[in-house]
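Participant: After the structure tokens below, expect a handful of questions from me.
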Amino acid sequence: MTIAKHLKGSNLQQLQKRPFFFDIKKMVPAILLASLIGTYLDLFFVGIGMYSFPKRFLPDVFSINIVFTLIGLPLFVVFFLFMMNRINVWKKAGFIIVISLLMACAEKLAEEIGFFIHKDSWKHWFSFCGYIIFLICVYLFNRISFLSDSRKK
């Protein structure tokens, strides 16, 4: 293996090394926010009867699917933020729209499997619009916390 070194007398600026992996510690505040928002929205909508989770972990204790809000949603947010940090502004907008559409479709599939039941008055474009707002909020919160963290250094 050959390693190229910077020539001592060179006027060229050294290229900064960009790590292959990402720093998940910087995403923790956004992941926690996403889990809290997801949990409270589920509690609210289950409480008013807009939807329910017939198949869930510890059904006698929890009225919501805590596996999704505590494991699935944080993993999804890590993937989402990882991708958002690697694409330009226009692709970010398209990515948010596509992900929101896929999540609304996933809800429809979860209904067919029996993991999720919506009230008859529920429209899946509610989910689509909700996910757009949710993802924008999580991304902006991550950017703001990342910028404030970098200013402290």
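The values are calculated or read from the model by the stated rules, or taken from the named source; none is laboratory data. Keep in mind it's a predicted model, so treat the numbers as computed, not measured. Positions of Cβ are backbone-derived with ideal geometry, glycine not excepted, and every protein chain shown enters the neighbour counts.
Participant: Give me a count of the residues in segment 76-99 that are without any contact (Cβ under 8 Å) to a residue 12 or more places away in the chain and either in contact with an Asp or Glu (Cβ under 6 Å, 6 or more places away or on another chain) or aliphatic (A, V, I, L, M) (or both).
Facilitator: Of the residues in segment 76-99, 4 are without any contact (Cβ under 8 Å) to a residue 12 or more places away in the chain and either in contact with an Asp or Glu (Cβ under 6 Å, 6 or more places away or on another chain) or aliphatic (A, V, I, L, M) (or both).
Participant: Now a separate question. Can you name every residue in segment 88-112 that is among the β-branched types (Val, Ile, Thr) and either within 18 Å of Phe141 (Cβ to Cβ) or in contact with a Pro (Cβ under 8 Å, 6 or more places away or on another chain) (or both)?
Facilitator: Val89, Ile96, Ile99, listed by residue number.
Participant: Then there's this: When you scan segment 65-78, how many residues do you find that are within 16 Å of Phe134 (Cβ to Cβ) and of a type in the set (A, V, I, L, M, F, W, C)?
Facilitator: 6
Participant: Another one. Consider only pairs whose beta carbons are under 8 Å apart and that are at least six residues apart or on different chains; among these, list those whose first residue lies in segment 100-111 and is under 16 Å from Leu73 (Cα atoms) and whose second residue is among the aliphatic types (A, V, I, L, M).
Facilitator: Listed pairs, sorted by first residue: Ser100/Ile132; Ser100/Leu135.
Participant: Right, here's the next one. Going residue by residue through segment 110-125, is there one that turns out to be of a type in the set (Val, Ile, Thr), on the phi < 0 side of the Ramachandran plot, surrounded by 11 or more Cβ atoms within 10 Å (Cβ to Cβ) and in contact with a strand residue (DSSP E or B) (Cβ under 7 Å, 6 or more places away or on another chain)?
Facilitator: Yes; the residues of segment 110-125 include at least one that is of a type in the set (Val, Ile, Thr), on the phi < 0 side of the Ramachandran plot, surrounded by 11 or more Cβ atoms within 10 Å (Cβ to Cβ) and in contact with a strand residue (DSSP E or B) (Cβ under 7 Å, 6 or more places away or on another chain).
Participant: Quick one: is Lys123 in contact (Cβ under 8 Å) with a residue 12 or more places away in the chain, within 21 Å of Pro54 (Cβ to Cβ) and of a type in the set (Lys, Arg)?
Facilitator: Here the answer is no, as Lys123 does not meet what is asked.
Participant: Are any residues in segment 22-60 touching a helix residue (DSSP H, G or I) at 6+ places or on another chain (Cβ under 8 Å), surrounded by 12 or more Cβ atoms within 10 Å (Cβ to Cβ) and among the β-branched types (Val, Ile, Thr), and if so, which ones?
Facilitator: Result: Ile31, Ile37, Thr39.
Participant: Separate question: Under 8 Å between Cβ atoms, at least 6 apart or on separate chains: pull out the pairs that start in segment 137-149 with a residue that is under 15 Å from Lys92 (Cβ atoms) and modelled with pLDDT of 90 or more and end on any residue that is assigned to a helix (DSSP H, G or I) and of a type in the set (S, T, N, Q).
Facilitator: Close Cβ pairs satisfying both conditions: none exist.
Participant: Does segment 61-88 hold any residues that are surrounded by 12 or more Cβ atoms within 10 Å (Cβ to Cβ) and of a type in the set (S, T, N, Q), and which are they?
Facilitator: Within segment 61-88, Ser63, Asn65, Thr69, Asn85 qualify.
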